[in-house]
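Below you'll find the structure, written out as structure tokens, and then a few comments.
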Amino acid sequence: MLEIKDLHVSVDDKAILKGIDLTVKPGEIHAIMGPNGSGKSTLAQVLAGREGYRVTQGSLRYLDSDLPPFSPEARARAGIFLAFQYPIEIPGVANAQFLRSALNSQRGYRGEPELDAFDFLEFVKGRLAMLEIDDSFLYRSLNEGFSGGEKKRNEILQMAVLEPRLAILDETDSGLDIDALKVVARGVNALRAPDRAIILVTHYQRLLEYIVPDRVHVLAEGRIVRSGDRDLALELEAKGYGWLNLRNNCEEPFIP
Amino acid sequence: MDNLELQRHLDTEYRWGFVTDIEQDTLPMGLDEDVVRLISAKKGEPAFMLDWRLKAYRHWLTMTEPTWSSVRYPAIDYQTLHYYSAPKTRDSGPKSLAEVDPELLRTYEKLGIPLAERGALAGVAVDAVFDSVSVATTFKDKLEQLGILFCPFSEAVIKYPELVQQYLGSVVPYTDNFFASLNSAVFSDGSFVYVPKGVRCPMELSTYFRINARNTGQFERTLIIADEGGYVSYLEGCTAPTRDENQLHAAVVELVALQDARIKYSTVQNWYPGDAEGRGGIYNFVTKRGDCRGERAHISWTQVETGSAITWKYPSCILRGDHSVGEFYSVALTNHHQQADTGTKMIHIGRDTRSTIVSKGIAAGYGSNAYRGLVKVLATAEGARNHTQCDSLLMSPTSAAHTFPYIEVRNPGAIVEHEATTSRIGEDQLFYLQSRGLDEEEAVNLIVNGFCKEVFKELPMEFAVEAQKLLAVSLEGAVG
Ligand SMILES: Nc1ncnc2c1ncn2[C@@H]1O[C@H](COP(=O)(O)OP(=O)(O)O)[C@@H](O)[C@H]1O
Ligand SMILES: [Mg+2]
């Protein structure tokens, strides 16, 4: 589904990702961990097509295409979804209006009929119930004045409505209390399907108690320095990143 | 953002720019007392009206164009304009729709304003003003049953001279300002509304202004009176053909709300804005003022200004009656080389008067957008309160927004609050929305509509939808 080979990415001519290899197959959940500033969000943004994030080397394939030429909206319509680490506020735009525009825009692109206001409301209320998010979310302005936790929940709601094929969650679990964490877990587990894949960028292994990943990768200084199964997350939690001895190894690719 | 690609969208054409081919009765160019007399004669006006026009004309001769605003334009030669142009019909005004030239009806249909009374705008009574004269007023009979008078101004002068004489110029005197004086001398038509005591007008009243003829100034005059306890919601829309030369539009609107009366006046202004290089477009110099003449009177102005090369207008409220309320909600958009200097004046005279100002300025391309507002609280206005919110949204590095709030408070107990923000349309906002599948146009529209929401919610439903569409068209690709 996603095949990343020797990916190098620069932002403002500064090399940030320095040779990432990552293959995600349909049905899989991958966790990406790593210290602050290691390039996790950069990887997430480059997948979503953020302008200014330049691929300088290597390849990035999604389904049957090379991703780089495609606009963010084209990627979204092809099923890529990014839950932002820092969701953006759009004042005055009701959440419901935004969700319906986004969903209909994607449906239109796939040749599916648009949902009218009534069908949409029924559909979105089902999603809210499933996630146990309050209906009042729909009528508030998009992320405006939301608390950190509400913003993260809203990202999960968007994911549940848009039903992407590849979802990337960038530290959606950071700073959440246990109830909000469960919302994230419910969203991810509900999305889990044989033809979908999920990448969880996370700091803590806490989320991985609710969502069992197929693979865990450690990103440091722009490279994946170690990959393993969920035990790697537990080990990291117990021993900390220091255990990986990153400083001494950052110049050479780490052999996992 | 890829500027070139975006610029490509910028050149969307003005969709209302066609010219109607119709026989016109036009006075020769130029302005002198004879022209004023001729206009008055053509309308068969009573003597008081001609007197008033002549006084206005003579006063106008002593005045000079105001230069205090931020708009810049080449000098206007008032002798090269036509001051009267009307579609040739049998006589002065239309008696019924059947008498209206079918070509005119087609024009309004093209503009999406069906004048047939069973048309799509059911529930909205329309007065259509083509160049200088009113061509059709719908639902007139139905309104008359309630005692509501809604007719072309020229008809009101003849049918209801006492009302006109009592109220004309009582809010905007003929000496008010250069453009208002000019209008007072040469105005040719407009709408007149009178809502009697205790009557709530059951439908929106609407005037649709269309400039068609070349080199013709348009000077409409609207007078709306809501008698004690009356209510009316009034809507004004306007378009003009695409022409290379600039055209002058200098209108006056006077509103009078007596005790417990309420007038809601909404404008969707879409005069031809000129082309991408700033050629052509309407010069829109408008004086609009409402007088809350009785206790608890309430006047709201809502405007969506997307058209015109130059917009110079300050719909204002005189809060004379105790507990009276004035409101001004405005969205002004300038793209390409458009200039807008718009805002309001809230004059607090009565006790416990309240005013609210919400101004949303959007500047794209090389557009320049200024809010200019005065909140004046006189010593008599015990307990007066004002809240002003001015927000500007810049869509391009070459656009400009300015805020000029003037505050004069003579009563120490008054509460006057002013908030202002300026923001740029954020790349992170666009990316966020695009990453959900919206294309750039959709994302921009969503952000802009969100920005204008507080104003749009003041518009009657169908016009809010219209205003949103208009904004979308005016902004196509305007992010850079
Ligand atoms: N827009 C940017 N311009 C320049 N440097 C950036 C930008 N975004 C991130 N960086 C830098 O790239 C590195 C990786 O950042 P990021 O991907 O956000 O890391 P993480 O998400 O793992 O904390 C950091 O050194 C950060 O300072
Ligand atoms: Mg990050």
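The values are calculated or read from the model by the stated rules, or taken from the named source; none is laboratory data. Predicted model, so just to flag it, every value in this text is computed and none were measured. Positions of Cβ are backbone-derived with ideal geometry, glycine not excepted, and every protein chain shown enters the neighbour counts. Side chains included, ligands, DNA and RNA excluded: accessible areas come from the protein's heavy atoms. Shrake-Rupley method; radii C 1.70, N 1.55, O 1.52, S 1.80 Å.
Looking only at other chains, what is the average number of their beta-carbon atoms within 10 angstrom of each beta-carbon in A:83-93? Could the numbers behind the result be given before it?
Details: counts 1, 4, 0, 2, 1, 8, 5, 9, 8, 12, 9.
Average per residue, whole number: 5.
Using only the Cα atoms, what convex hull volume per residue in Å³ does the stretch A:2-244 have?
Residue-normalised Cα hull volume stands at 122 Å³.
Can you tell me the dipole magnitude for the protein assembly as shown around its Cα centre, using point charges on the Cβ only (Lys, Arg +1; Asp, Glu -1), in Debye to the nearest 20?
Magnitude of the dipole: close to 780 debye.
Calculated FRET efficiency, B:Arg279 and B:Val473, Cβ-Cβ r, R0 22 Å, to nearest 0.05? Mind showing how you got there, number by number?
On the way: r = 19 Å, r/R0 = 0.88.
Working from the Cβ atoms, E equals 0.70.
How far is helix A:230-239 tilted off the main Cα axis of chain A, in degrees rounded to 10, range 0 to 90?
70 degrees
Evaluate the distance, in nm, between pseudo-label points positioned 7 Å from the Cα of A:Phe70 and of A:Phe118 along their respective Cα→Cβ axes.
So the label points at A:Phe70 and A:Phe118 sit 3.5 nm apart.
So for the stretch B:364-480, averaging the separation of alpha carbon pairs under 8 Å that are six or more residues apart and normalising by length, what relative contact order in percent results? Please report the intermediate quantities before stating the final value.
Numbers: 155 pairs, mean separation 34.4, N = 117.
About 29 percent, as a whole number.
Over both sides of the B-A contact, add up the buried accessible area with a 1.4 Å probe and give it to the nearest 100 Å².
Chains B and A together bury roughly 2100 Å² of accessible area.
To the nearest µm²/s, what D does Stokes-Einstein give for the stretch A:75-209 at 37 °C and 0.692 mPa s, using the Kirkwood radius over alpha carbon pairs as Rh?
Using the Kirkwood radius from Cα pairs, D works out to 218 µm²/s.
If I model the stretch A:101-164 as equal point scatterers sitting on the Cα atoms and use the Debye formula, what is log10 I(q)/I(0) at q = 0.25, 0.26 Å⁻¹?
With no solvent term, the Cα-only Debye profile gives -1.18, -1.23.
Springs between alpha-carbon atoms under 10 Å, Gaussian network over chain A: tell me which of A:Glu237, A:Glu221, A:Glu163 tops the mean-square fluctuations.
Its mean-square fluctuation being the largest, the pick is A:Glu237.
In debye to the nearest 20, how big a dipole does the stretch B:365-480 give about its Cα centre with +1 on each Lys and Arg Cβ and -1 on each Asp and Glu Cβ? Could the numbers behind the result be given before it?
Numbers: 9 positive and 16 negative charges, 99 e Å.
Computed about the Cα centre, the dipole is about 480 debye.
If you take the C-alpha gyration tensor of the stretch B:362-439, multiply each eigenvalue by 5 and take the square root, what semi-axes do you get, largest first, in whole Å?
Equivalent-ellipsoid dimensions as semi-axes: 37, 15, 7 Å.
Assuming a ≥ b ≥ c are the square roots of the Cα gyration tensor eigenvalues, decide whether the stretch A:139-193 counts as rounded (a/c under 1.5), prolate (otherwise, with a/b larger than b/c) or oblate.
oblate
Taking the Cβ-Cβ separation of A:Tyr210 and B:Ser70 as r and a Förster radius of 51 Å, what is the calculated FRET efficiency to the nearest 0.05? Show your work: numbers first, answer last.
Details: r = 59 Å, r/R0 = 1.15.
About 0.30, to the nearest 0.05.
Relative to the compact globular guide of 2.2 N^0.38 Å, what is the alpha carbon radius of gyration of the protein assembly as shown, as a ratio? List each step's numbers first, then the result.
Details: Rg = 30.9 Å, N = 736, 2.2 N^0.38 = 27.0 Å.
That works out to 1.14 for the protein assembly as shown.
Placing unit charges on C-beta atoms (Lys and Arg positive, Asp and Glu negative, everything else neutral), compute the dipole magnitude of the stretch A:2-244 about its Cα centre in debye, rounded to 20.
380 debye
Stretch A:Lys125-A:Ala238 to full length: gain in nm at 0.36 nm per residue minus the Cα-Cα span?
Extra length from A:Lys125 to A:Ala238 when fully extended: 36.6 nm.
Using 0.36 nm per residue, how much length does the chain from B:Val465 to B:Gln389 gain when fully extended, once their Cα-Cα distance is taken away?
Gain on extension, B:Val465 to B:Gln389, equals 25.0 nm.
Does any residue of the stretch B:388-434 lose at least 40 Å² of accessible area with all protein chains in place compared with its chain alone, and if so which ones (probe 1.4 Å)?
B:Asp428, B:Gln429, B:Phe431, B:Tyr432, B:Gln434
Could you bin all the Cα-Cα distances of the stretch A:1-128 into 10 Å bins starting at 0 and give me the percent of pairs in each, rounded to whole numbers?
Values per bin, smallest distances first: 11, 35, 32, 19, 4.
Enter the Cα centre distance for the pair the stretch B:381-439 and the stretch A:177-192, rounded to the nearest angstrom.
Cα centroid of the stretch B:381-439 versus Cα centroid of the stretch A:177-192: 38 Å apart.
Over the stretch A:2-244, what is the relative contact order in percent, taking alpha-carbon pairs closer than 8 angstrom and at least six residues apart?
Values: 423 pairs, mean separation 69.2, N = 243.
Normalised by residue count, the contact order of the stretch A:2-244 is 28 percent.
Given A:Leu191, A:Gln158, A:Leu138, which one lies farthest toward the positive end of the charge dipole of the stretch A:107-256, if we put +1 on the Cβ of every Lys and Arg and -1 on the Cβ of every Asp and Glu?
With unit charges placed on the Cβ atoms, the residue in question is A:Leu191.
Given a 1.4 Å probe and every protein chain left where it sits, what share in percent of the accessible area of the protein assembly as shown is carbon and sulfur?
The C+S portion of the solvent-accessible surface of the protein assembly as shown is 49 percent.
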